[in-house]
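Visitor: Okay, handing you the structure first.
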Amino acid sequence: MSSERVAAIVLAAGKGTRMKSERPKVLHRVAGRTLIRYVLDALARLSPARTILVLAPDMEAVAQEAAGTPVAIQPAPLGTGHAALAAYPALADLIAGDRIDDVLVVFGDTPLLATATLAAMVEGRRRAPEAGIVVLGMRPAEPGAYGRLVCGKDGMLEAIVEAKDATAAQRRIGLCNSGVMAIDARQLGALLAAIGTDNAKGEYYLTDIVAVARARGLPCRVVEAPLDELVGVNSRADLAEAEAIMQRRLRAAAMEGGATLTDPATVFLSADTVIGRDVTIGPFVNFGPGVAIANGVEIRAFCDIAGARIADGAIVGPFARLRPGTEIGADAHVGNFVEIKQAVIGRGAKANHLSYIGDAEIGAAANIGAGTITCNYDGFSKTLTRIGEGAFIGSNTVLVAPVTVGTGAYIAAGSAITRDVADDALAIGRAQQIDKPGRAKIIRKMKTAEKLARQKKVQG
Ligand code: UD1
Ligand code: MG
């Protein structure tokens, strides 16, 4: 999908006061990705000639998140029309050089918008009779505070009226403004300049641009899109709604791609989760960012996985936690109550119960016994544990890093390993067992006699 004669303006300078947050609204996340990233990605797939992001002066963090996108600063939040005007000079050369036909204006707080919808708007504007403006419309169950789209008998758009400025009759209109517009690039400058502040909020409303265009004889039209693309995030409740919609989309895509989700509603994915074919994901599994799962993998119930790569045929969980930097080799098994961080687990290796493996390299087919712990941190720095191919680490072993266990080596259960172990060696790092024949019987007799003496004393 490529529309090179299109430029875009993304408005994100608003305060977002309804979020009650220290963080700029567009840096809040849905499925692990910021709102602004979704909008910029949806636009990027359209290959516009240029995208300008409009920010307030104190939004350095947003500029960083959008790195590479040119920014225009709106000095004060005087309304959406004022914000769009702030971006105009950054597009003036494209317009003067006749290099674009359309300018898309998109809000930074509308993360679910699809590229196909943006393309349909551009196509809708160019269709004869060519329109000055196309507005993306929607029909929410409760139109509430949304601007209403006032259409003429011919179905063409006449004006957008903000709810606060609408008459009772206008407020009954179900067709609402989503905020997205496609505007004839050649008209943009003059239309924006003509917007005033004669309204309930005393702001420059971008929505007034439609009445301005109509007054100049330019036809305007509405393109409609499904509601679940147009949720505008203004509050935490909206954020949760956007998250729910995005999760439904991601789960559907995972299943479409050949994964079985036993109970999809309890699986939480990130926007970037990659899932192969014939993957089975049990109930209550959470994927943070940066997870890639190859084919034939089984993720059992109650796992938390982030920043991990899992190769073909591996089995993970139930109750496993994989943290960033984890690489699980093909056919490896990671079982219950195992936490892995910054570690490579070789092909066919097993860590099935109650372990912490951090900053480690575990060779192919190695067996990590229950309760094995890598001591990777001394309070100052992290150090590496290396375990060779086919090594066998007995239960309840403590591996004090930096330490290397050779290929095929055995570690006796209950060992504290503080030195390197050679290939094929057996290391036993625990106190010697001492046996005292008959001693238990003597102790029992002694203790019983003491108890009887105490009882007598109390009665006497
Ligand atoms: C706006 C529309 C309304 C529409 C609704 C859809 C106007 C006047 N109203 O209302 O018709 O139904 O969106 O969600 O356009 N922004 C700036 N600078 C400003 C003000 C806002 O950059 O001075 C940005 C915000 O960061 C935000 C976007 O513009 O990304 C929309 O602003 P918001 O305050 O959310 O507008 P709504 O009240 O939702
Ligand atoms: Mg809004």
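Visitor: Before rounding to the nearest 500, sum -39500 (n - 2.57) across all DSSP H runs of length at least 4 in the chain and divide by the residue total; then give [θ] at 222 nm in deg cm²/dmol.
Guide: Result for the chain, helices only: -6500 deg cm²/dmol.
Visitor: Among the complete DSSP H segments of the chain, which ones combine at least 18 Å of alpha-carbon extent along their axis with a mean Kyte-Doolittle hydropathy of -1.0 or more?
Guide: 236-256
Visitor: Additional query: Looking only at the chain, where both bridge partners belong to it, what percent of the DSSP beta bridges are antiparallel (to the nearest 5)?
Guide: 20 percent
Visitor: Report the relative contact order of the chain, percent, no decimals, based on alpha-carbon pairs under 8 angstrom and at least 6 residues apart.
Guide: Here the relative contact order equals 8 percent.
Visitor: Residues with amide H under 5 Å of residue 53's amide H, sequence separation 5 or more or different chain, H placed in the peptide plane at 1.01 Å from N; which?
Guide: 10, 71, 72
Visitor: Considering only the other residues whose Cβ falls under 13 Å of the Cβ of residue 6, what net charge follows from Lys and Arg at +1 and Asp and Glu at -1?
Guide: Computed value for this residue: +1.
Visitor: How big is the antiparallel share of DSSP beta bridges in segment 4-94, given as a percent to the nearest 5?
Guide: Antiparallel bridges: around 20 percent, rounded to the nearest 5.
Visitor: Where the only charges are on Cβ atoms (+1 Lys, Arg; -1 Asp, Glu), what is the dipole of the chain about its Cα centre, to the nearest 20 debye?
Guide: My answer is approximately 2540 debye.
Visitor: Right, here's the next one. Highest mean first, how do 280-292, 107-119, 440-452 rank when packing is the count of other Cβ atoms within 10 Å averaged over residues?
Guide: Values: 280-292: 19.4, 107-119: 22.2, 440-452: 9.9.
Highest-to-lowest ranking by the protection proxy: 107-119, 280-292, 440-452.
Visitor: May I ask you to derive the relative contact order of segment 240-351, considering only C-alpha pairs under 8 Å and at least 6 residues apart, and to give it as an integer percent? The partial results should precede the final answer.
Guide: On the way: 327 pairs, mean separation 17.5, N = 112.
Contact order relative to length: 16 percent.
Visitor: Which Cα, out of 173, 328, 16, lies furthest along the positive dipole direction of the chain (beta carbon charges, K/R +1, D/E -1)?
Guide: Towards the positive end, the residue furthest out is 328.
Visitor: Which is farthest toward the positive dipole end of the chain among 261, 431, 365, measuring Cα position about the Cα centre, with Cβ charges +1 (Lys, Arg) and -1 (Asp, Glu)?
Guide: 431
Visitor: Once the other residues with Cβ under 14 Å from the Cβ of residue 174 are scored (Lys, Arg +1; Asp, Glu -1), what is the net sum?
Guide: +2
Visitor: May I pose another question? For a Förster distance of 60 Å, can you work out the FRET efficiency between the beta-carbons of residue 453 and residue 425, rounded to the nearest 0.05?
Guide: Efficiency, rounded to the nearest 0.05: 0.65.
Here, each number is a calculation from the coordinates, and none is a lab measurement. Just so you know, these numbers come straight off a predicted model, no measurement behind them. Here the Cβ is made from the backbone with ideal geometry for all residues, glycine too, and neighbour counts use every protein chain on show.
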